[in-house]
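Before any comments, here is the structure.
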Amino acid sequence: MNRRNFLRTGGALSIPALLQGGIAASPLELFTQFLDPNSDRVLVLIRLSGGNDGLNTLIGIDQLANLRSVRPNVALPDNGYINLNARVGLHKNMTGMRDLFDAGKLTAIQAVGYPNQNRSHFRSTDIWTSASAADEVLSTGWFGRYLEQDHPDFPIGYPNPEFDYPLAMTMGNVVSETCQGTSSNFSVAVNNPFNFLYIAPGGDTALPGNYYGDEVSFVRNLIGQSNQYGDVVQGAANAGNSLATNYTTGTLSNQLRNIAYLLSGGIKTRIFIATLGGFDTHSAQVIDDNSVGTHANLMTELSSSIKAFMDDLQLLGLSKRVLGLTFSEFGRRIRSNQSNGTDHGDAGPLFLFGDCVQGGVLGNNPEIDPAVEQNVGVPYQYDFRDVYGSVLVDWFNVPQPTVQNLISGGFVYLPLANACNTLLDANPLTFDLTAEGYNDDVLVSWADREHLRSGGFTVQRSEDGRNFRDIRRVAADNRETTTAEYQIRDNNVVRNRIYYYRIRKDGGGDAALSPIVTAQLRGSAKGEWSVGLPRPNPVREDSYIKVYAPVDATATFELIDARGSRLRTGTVTLLGGADNRIPLRAGDLPAGSYVWRLRTPAGQEFARKLVR
């Protein structure tokens, strides 16, 4: 998606805006009426702009020694983090989000990204907002495609008596491409909902019947739409309220508080996008003992703002209506640089918050190799498109087959936000549950701090994330110990399939469910083959191509010149589930054009053009 938007892609309240270039995507022939008219659920997206350093946000406690060895000038000290459980912590400034986690209202998802991670701010933001693959360019946003199925004629005929409110809202001056539709952006940009500026519509002078007249007519219509939406927005803000007193004076707090005003004032908008900037921390990310500085301040604003917003929604009686999700265009590299900062990396953690999240930590701590190279980022464990799709399934009740068409790539469901739909108490228990795949089995482990009150445990497994069955009963350890540890090995599993595990804790006639964790056997395929573009190109001696392999594999390659002559052939050994940098060693090539072709073991081919 081109970031230089023209007027037709701007929301009604974002004038002046710019018109999107490029070819519009074909309409998707999908189900209509996705939004349940009887549902009032709201999604709040928070973009962490610039690329958040996930390794200093969600802390792998068992990886700290190695992390400190590869980023000694950035890694947090022992007093720089607070525990979520025995193996995972948060930056010490994130006490608000820790409190939400303890209350079962925050889920942390480890290492979210995509195959063949792009490290350009603009391109990776396009990928995250459009939910495209790394080698695919989509002109629509993932939520824009969702809204377009119910509103195919938008913006013509909007607002109207049935939809007199903005369908989506971006807090700020520029609409989010997340809500980009085929012909227009579904969101409106609102910087201050209490101070709407009326825009003169430009009169009713007759217009010529040419391209210029069409464009002026479109602008007039957009201005009229802007004024009508503005009245609704300002009316809701004035009718609303905010009761929490713990907001900060920062940008994100202001945006979230305005959303609370609008929701309590009766606005029916279903998606809001807020932004916290400043995460491009190439230098001076930390100062002093590494626990303070630019990134620490951002963690304070993020955590305190989300906590205040959740408190506000609770006081206003709206908390069960709202689900929040953070995202950032990429994480940072594992090794720090010499400027007390970190450079563009790959995957990073996401957070979901709300009364209906599953809670807990999904995924394992990224393993830190003390000999890791300077340019390596965190490999992804969960594809961000699976997170988006699961939110549509859990929160907006979109059928999974429909999600497959809305979200690029194969969709894997993750139970994230359906806790309010379960019959049993799904608040996180007082134990830490993990599941780790080995060559032939999955090790399921948990540690319970309240085992003396337990009547035992039942391990449950699912293959779709929804339908669970009992696979093992474990008696409680009633010895007088602080924490009782348990584990089982599940060997009734196969490769290339994702398994979902949870624990049912019995006691006193009641039962409670743990959050859900996932696991696959080692060697299972994850994602699909993906081959990036040469970097840099025109190529030189240090140019490379990134190749993502779903499993460990040996692939063949060849280099062909403009006459079709094969100049080089060879093989490359690729690590599965990771981005592999393949050096091109093009320094000795004469000037000209070349094709580099990769062939997978299954015969799939990828060709990339090189210029020397």
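The values are calculated or read from the model by the stated rules, or taken from the named source; none is laboratory data. All values reported here derive from a predicted model rather than from experimental measurement. Every residue, glycine as well, gets a Cβ built from its backbone with ideal geometry; the counts of neighbours run over all protein chains shown. Only protein heavy atoms, including side chains, enter the accessible area calculation; ligands, DNA and RNA are left aside. Shrake-Rupley method; radii C 1.70, N 1.55, O 1.52, S 1.80 Å.
Among the residues making up the stretch 573-584, those that are farther than 17 Å from Val539 by Cβ and either in the same structural domain as Asp135 (by TED's automatic domain parsing) or in a strand (DSSP E or B) (or both) are Thr573, Leu574, Gly576, Ala578, Asp579, Asn580. Taking the numbered list (1) of a type in the set (Ser, Thr, Tyr); (2) without any contact (Cβ under 8 Å) to a residue 12 or more places away in the chain; (3) open to solvent by less than 20 Å² (accessible area, probe 1.4 Å) in turn, Tyr548 passes all entries but (2). Examine the stretch 451-465 for a residue that is at pLDDT below 80, aromatic (Phe, Trp, Tyr) and part of a strand (DSSP E or B), and state whether such a residue exists. The answer is no; no qualifying residue exists.
The number of residues in the stretch 561-572 that are of a type in the set (Ser, Thr, Tyr) and not in a loop (DSSP other than H, G, I, E, B) comes to 2.
May I ask you to verify whether Gln358 is surrounded by 19 or more Cβ atoms within 10 Å (Cβ to Cβ), in the same structural domain as Pro72 (by TED's automatic domain parsing) and modelled with pLDDT under 95? Spelling it out, Gln358 is indeed surrounded by 19 or more Cβ atoms within 10 Å (Cβ to Cβ), in the same structural domain as Pro72 (by TED's automatic domain parsing) and modelled with pLDDT under 95. Just name the residue that is nearest to Ala435 (Cα to Cα) out of those in the stretch 69-98 that are among the charged types (D, E, K, R) and in contact with a Ser or Thr (Cβ under 9 Å, 6 or more places away or on another chain). Across the stretch 69-98, the extreme among qualifying residues is Arg87.
Matching residues to (1) under 17 Å from the mean Cα position of the chain (by Cα); (2) closer than 23 Å to Trp142 by Cβ; (3) surrounded by 24 or more Cβ atoms within 10 Å (Cβ to Cβ); (4) not polar (S, T, N, Q):
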position: Thr281; (1), (2), (3), (4): no, no, yes, no
position: Ala296; (1), (2), (3), (4): no, no, no, yes
position: Thr300; (1), (2), (3), (4): no, no, no, no
position: Ile306; (1), (2), (3), (4): yes, yes, yes, yes
position: Gln314; (1), (2), (3), (4): no, no, no, no
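Of the residues screened, Glu558 is not one that is at negative phi and part of a loop (DSSP other than H, G, I, E, B).
The condition (being of a type in the set (Phe, Trp, Tyr), surrounded by 14 or more Cβ atoms within 10 Å (Cβ to Cβ) and modelled with pLDDT under 65) is satisfied by just one residue among Phe218, Phe154, Phe196: Phe218. From Thr178, Thr182, which residue is under 28 Å from Asp126 (Cβ atoms), at pLDDT 90 or above, open to solvent by less than 40 Å² (accessible area, probe 1.4 Å) and under 24 Å from the mean Cα position of the chain (by Cα)? Just a single option satisfies the conditions, and that option is Thr178. The set of residues from the stretch 249-267 being in contact (Cβ under 8 Å) with a residue 12 or more places away in the chain, surrounded by fewer than 19 Cβ atoms within 10 Å (Cβ to Cβ) and more than 16 Å from Asn238 (Cβ to Cβ) comprises Gly250, Thr251. From the list Asn467, Asn537, Asn491, the lone residue that is within 30 Å of Arg612 (Cβ to Cβ), surrounded by fewer than 19 Cβ atoms within 10 Å (Cβ to Cβ) and either without any contact (Cβ under 8 Å) to a residue 24 or more places away in the chain or not assigned by TED's automatic domain parsing to the domain that holds Leu414 (or both) is Asn537. Residues that are more than 30 Å from Leu575 (Cβ to Cβ) and outside any strand (DSSP E or B) occur at least once in the stretch 359-371. Only one of the listed residues (Asn340, Asn364, Asn397) is touching a Ser or Thr at 6+ places or on another chain (Cβ under 9 Å), crowded, with 19+ Cβ neighbours inside 10 Å and within 29 Å of Ser130 (Cβ to Cβ). That residue is Asn364. Beta carbons closer than 7 Å, at least 6 apart along the sequence or on distinct chains, pair a first residue in the stretch 273-286 that is at negative phi and part of a loop (DSSP other than H, G, I, E, B) with a second that is surrounded by 23 or more Cβ atoms within 10 Å (Cβ to Cβ) and polar (S, T, N, Q) for Phe279/Asn52; Phe279/Ser328; Thr281/Thr342; Gln285/Thr342. Quick one: would you say Arg332 is modelled with pLDDT of 95 or more and surrounded by 23 or more Cβ atoms within 10 Å (Cβ to Cβ)? Yes. For the stretch 551-566, taking the residues that are small (Gly, Ala, Ser) and touching a residue at least 12 places away in the same chain (Cβ under 8 Å), the one that is nearest to Pro590 (Cα to Cα) is identified as Ala562.
Residues of the stretch 559-569 that are open to solvent by 20 Å² or more (accessible area, probe 1.4 Å) and in contact with a Leu (Cβ under 9 Å, 6 or more places away or on another chain): Ile560, Asp561, Arg566, Leu567, Arg568, Thr569. Determine if the stretch 62-80 includes at least one residue that is open to solvent by 30 Å² or more (accessible area, probe 1.4 Å) and part of a strand (DSSP E or B). Within the stretch 62-80 (the criterion being open to solvent by 30 Å² or more (accessible area, probe 1.4 Å) and part of a strand (DSSP E or B)), the answer is no, since none of the residues qualifies.
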